[in-house]
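Structure record follows, encoded as structure tokens.
The values are calculated or read from the model by the stated rules, or taken from the named source; none is laboratory data. Quantities reported herein were computed from a predicted structural model and do not represent experimental measurements. Here the Cβ positions follow ideal geometry from the backbone for every residue, glycine too, while neighbour counts run over all protein chains shown. Ligands, DNA and RNA are stripped out before the accessible areas are found, and what is left, the full protein with its side chains, is counted by its heavy atoms. Shrake-Rupley method; radii C 1.70, N 1.55, O 1.52, S 1.80 Å.
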Amino acid sequence: MTLKVTGVVRHYPGNPEPTLKELSFDLPEGTLTALLGKSGAGKSTLLRCVMGLEPFEKGTIEIDGVVIRGTTESTAAERHLALARARERLGLVFQNFELFPHLSVIDNCTLALIKVKRQPEAAAKAKAREVLVQLGLEHRIDVWPEQLSGGQKQRVAIARALCMEPRVLLYDEPTSALDPSLKAEVLQTLQRVDATGVTQVVVTHDIFLAKGMEYVCVLDHGQVIEAGPPAQVLGAPSHESTRELLKHWQ
Ligand code: ADP
């Protein structure tokens, strides 16, 4: 299993009950998964916990059997080790892409390879070119972010994340900053990345996107209430909250 979340509890101080309540799920390697749930279900909190932007009180988050986030790291050295393990294995594609405006497309993609992974510039450029071509951006390699369309900006953000060779790539609402007419293009990009074997987890409100994925997890009140292939979860939901969610989409 690539991404395994076990018994995660996140209780914001002052709130009457926890936002994540012993939340657990387990994703097989290379799956393209949609994380669905009505507003307030805990999706963003979960994403922040996985990314290490939020502490949690109980539970563990593992990639390939290695704990990348937990609550038992008591020393600075242990916390440092967990952080290093997470950085090596995780990528995030931000809702608004967060490209560096003063860097060309290829320099956006090579920056972390050179500065964080300490790769020589030539090797970093070769890697970035390979990934940009893979995502159909061969004609945009040397332009500035402001010259890109919204869909292209997103593909550059995905290429930048893929250059670091993550095991798991997370997306925060990938269709929310784009024109609805681009949904099919976004799905196609996710499917292209799927072909590379990276495990992808996509927080989305978009039923069209969710239907095109391999696996769907539905969150409600801080727990996974059902999970499985979209035909099963969205076609014949077993939980009332999932049916409610689907009603909003129809
Ligand atoms: P979703 O992304 O599914 O809409 P969130 O994870 O944003 O859900 O929020 C779930 C609930 O957690 C919210 O309704 C709120 O009660 C609580 N929550 C989220 N962030 C905070 C915070 N920073 N401080 C206090 N409570 C929060």
Worksheet item: Roughly how many Å² is the accessible area per residue of the chain, as a whole number, for a 1.4 Å probe?
Response: 48 Å²
Fill in: Backbone N within the range 112-149 under 16 Å of label point (7 Å from Arg87 Cα along the Cβ vector)
112-119
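Taking Cα pairs under 8 Å and at least six residues apart, what relative contact order does the chain come out at, in percent?
27 percent
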Discussion item. Above 31 Å lies some portion of the pair distances; for the chain, what is it as a whole percent of all C-alpha pairs?
Written reply: 25 percent
Discussion item. Projecting each Cα onto the charge dipole of the range 93-165 (Lys/Arg +1, Asp/Glu -1 at the beta carbon, about the Cα centre), which of Gln134, Ser104, Ile114 comes out farthest on the positive side?
Written reply: Ile114
Worksheet entry | Cα-centred dipole magnitude for the range 110-182, charges only on beta-carbon of K, R (+1) and D, E (-1), debye, nearest 20 | 380 debye
Item to complete: Could you pull out the trypsin sites (Lys or Arg not before Pro) across the range 60-145 that fall in loop regions by DSSP (anything but H, G, I, E, B) with no more than 11 other Cβ atoms inside 10 Å?
Response: Arg118
Response to the item:
Phi angles of the range 13-18, converted by Karplus (6.51 cos²θ - 1.76 cosθ + 1.60, θ = phi - 60°) into ³J(HN,Hα) in whole Hz with x for Gly and Pro, give x, x, 7, x, 9, x
Worksheet item: Cross-link partners among aspartates and glutamates for Lys127, C-alpha distance below 17 Å, same-chain residues fewer than 8 apart left out?
Response: Glu88, Asp107, Glu138, Asp142, Glu165
Worksheet item: For Lys21, which lysines qualify as cross-link partners when the Cα separation must be under 19 Å and same-chain residues fewer than eight apart are set aside?
Response: Lys4, Lys38, Lys43, Lys58
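Of the beta bridges DSSP finds with both residues in the chain, what % are antiparallel, to the nearest 5?
Values: 18 of 35 bridges.
Expressed as a percentage, antiparallel bridges in the chain total about 50.
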Worksheet item: Just how large is the dipole of the chain about the Cα centre, in debye to the nearest 20, putting +1 at every Lys and Arg Cβ and -1 at every Asp and Glu Cβ?
Response: 380 debye
Worksheet item: Cβ under 14 Å from Leu234's Cβ, Leu234 left aside: what net charge do those residues give with Lys, Arg +1 and Asp, Glu -1?
Response: -1
